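What follows is a single structure, written as structure tokens, with notes after it.
The values are calculated or read from the model by the stated rules, or taken from the named source; none is laboratory data. Note that the coordinates shown come from a computational prediction; the quantities given were computed from them, not determined experimentally. Here the Cβ is made from the backbone with ideal geometry for all residues, glycine too, and neighbour counts use every protein chain on show.
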Amino acid sequence: MQSMQLCFFYLLNIFTMKKLLFLIALIISASGFAQQGKQGVVKVQGSHPHELLTKKAAQGTLKKAPPAGKKALGDIPPINCWTGHLDPTITLVDTAYLIVKWTDGKRAALGEPDSMLVWGYVWNPISIYIDPTYGPDTTPVTKYSVDMLRAVANADCRFIVLLQQTGVNGYAVGGFGYNYADYDSPRIPVVFDLAGAEGNASILFHYVGSPNCDAGQRAVPYSPQDQASWAVQAATSDAPKVSTGVIEHPFSVNYGYPAYDFDYWKLTPAQDNEDHEWLAGWYTNGYWASYNGEDRQVPAKVSNYGVTTRVLQNNSTDGFAFETDFTTWPPTHDMSGDIFSYGCNNCNLCPIPSVSHKPKK
């Protein structure tokens, strides 16, 4: 009888152990599938899931681009347009660089190289507070890629950027523009094609009627065409010290779900000339691919960070190139090419004289 009991408990232990091992294997397997699904999401600009590219990846129709080189593409050229703000009482200065590459061939049609421009950005990496009791106290200052985008757009009145707040993924860059006409040229006039956006089935956002609750949208704009026009006016106004250079996309996560309608922020046919660079898109025209680098090198590697989470270090470089190929990932348009730095008219800021010194290492 005792031997039978021992045999029973022995078999029970084996059975229990097998169940336990099976459950462990099942958990590991499920975790693996979940991880594969996570890796299958194609993210543009480091943090923004792209539905079209992700769908093609799941279908196996998204071709893999040749691996990008790990080496940088060269040094940043001398900067003729510095942006940002410096405290004259603080000697520590950090610098970063913004490179934007338009790939529409407008400059090439004029016998010039690619439209690829660079700006410099400066800030003090610390702030100083004078405590009345204990004296000076320093606090580290953190700057992000989106801070540099805003600073450049605010200072250079020939430059413009479309930004959309998307929620947990931060800001998405929808478009960049530049007016090559001359030094005192105004920002290029952008318009929103509401009818075109409403007719694109890929855009889940509802502009009129009922919100798309299935997508997470909670409300619809009260006057979408006017709201878009006001956003453009705030960015491009000719009034001194008024225009920001940043089109704050009005149909953002404030409605519960953002409208990825960048393809329909465009130039009118009358304004679409050789001097007006404007490229915007997400589903149709293309999208802005982003690259990050360090040590004042032109970046060659696709960014793993969004502009809201990318922390700038001294001599960081952030690059954006407009990608038109929806069949390949990673993007095929990189930051190679001839880079130019034009002077900015500092429409909203005084010039920054203190960046003539060498940045700290």
Check whether at least one residue in the range 112-133 is out of contact with any strand residue (DSSP E or B) (no Cβ under 9 Å at 6 or more places or on another chain), in contact (Cβ under 8 Å) with a residue 40 or more places away in the chain and farther than 30 Å from Gln227 by Cα, and report yes or no. no
Among the residues in the range 118-126, are any buried (at least 17 other Cβ atoms within 10 Å of the Cβ) and touching a Lys or Arg at 6+ places or on another chain (Cβ under 7 Å)? yes
Does Ala96 satisfy the condition of being within 21 Å of Pro299 (Cα to Cα) and in the same structural domain as Thr328 (by TED's automatic domain parsing)? yes
Unmet requirement for Asp318, which otherwise passes all of (1) under 11 Å from the mean Cα position of the chain (by Cα); (2) part of a loop (DSSP other than H, G, I, E, B): (2)
Residues in the range 196-226 that are not in a loop (DSSP other than H, G, I, E, B) and not hydrophobic (A, V, I, L, M, F, W, C): how many? 6
List pairs: first residue in the range 284-295 and farther than 16 Å from Pro49 by Cα, second residue assigned to a loop (DSSP other than H, G, I, E, B) anywhere in the structure, Cβ distance under 6 angstrom, at least six positions apart or on different chains. Tyr291/Pro299; Tyr291/Ser303; Tyr291/Met335; Asn292/Pro299; Asn292/Ser303; Gly293/Ala72; Gly293/Pro299; Asp295/Asn315
Looking at this structure, is Tyr291 assigned to a loop (DSSP other than H, G, I, E, B), among the hydroxyl-bearing types (Ser, Thr, Tyr) and buried (at least 20 other Cβ atoms within 10 Å of the Cβ)? no
Show the residue pairs meeting these rules: Cβ distance below 7 Å; 6+ apart or different chains; first residue within the range 158-179 and touching a residue at least 60 places away in the same chain (Cβ under 8 Å); second residue among the basic types (Lys, Arg) and not in a strand (DSSP E or B). Arg158/Arg187; Ile160/Arg187; Tyr178/Arg158; Asn179/Arg158; Asn179/Arg187
Of (1) closer than 29 Å to Arg107 by Cβ; (2) surrounded by fewer than 20 Cβ atoms within 10 Å (Cβ to Cβ); (3) under 21 Å from the mean Cα position of the chain (by Cα), Phe176 satisfies every one except (2)
Is the range 125-148 home to any residue that is assigned by TED's automatic domain parsing to the domain that holds Thr317, assigned to a strand (DSSP E or B) and at positive phi? yes
Criterion first (in contact (Cβ under 8 Å) with a residue 40 or more places away in the chain, surrounded by fewer than 22 Cβ atoms within 10 Å (Cβ to Cβ) and touching a Phe, Trp or Tyr at 6+ places or on another chain (Cβ under 6 Å)) does Thr142 satisfy it? no
Determine if the range 101-121 includes at least one residue that is within 30 Å of Ala215 (Cα to Cα), among the basic types (Lys, Arg) and assigned by TED's automatic domain parsing to the domain that holds Ser237. no
Can you go through Ala300, Ala270 and tell me which one is surrounded by fewer than 16 Cβ atoms within 10 Å (Cβ to Cβ) and either farther than 23 Å from Ala172 by Cβ or touching a residue at least 40 places away in the same chain (Cβ under 8 Å) (or both)? Ala270
Of residues in the range 43-68 being in contact with an Asp or Glu (Cβ under 9 Å, 6 or more places away or on another chain) and in a loop (DSSP other than H, G, I, E, B), the one modelled with the lowest pLDDT: Ala68
Does the range 207-226 include one or more residues that are crowded, with 16+ Cβ neighbours inside 10 Å, closer than 23 Å to Ala151 by Cα, assigned by TED's automatic domain parsing to the domain that holds Arg107 and out of contact with any Phe, Trp or Tyr (no Cβ under 7 Å at 6 or more places or on another chain)? no
Search the range 343-361 for residues being touching a strand residue (DSSP E or B) at 6+ places or on another chain (Cβ under 9 Å) and crowded, with 16+ Cβ neighbours inside 10 Å, and hand back the single one that is modelled with the highest pLDDT. Cys344
Scope the range 202-235; condition farther than 28 Å from Ala153 by Cβ and β-branched (Val, Ile, Thr); matching residues: Val208, Val220
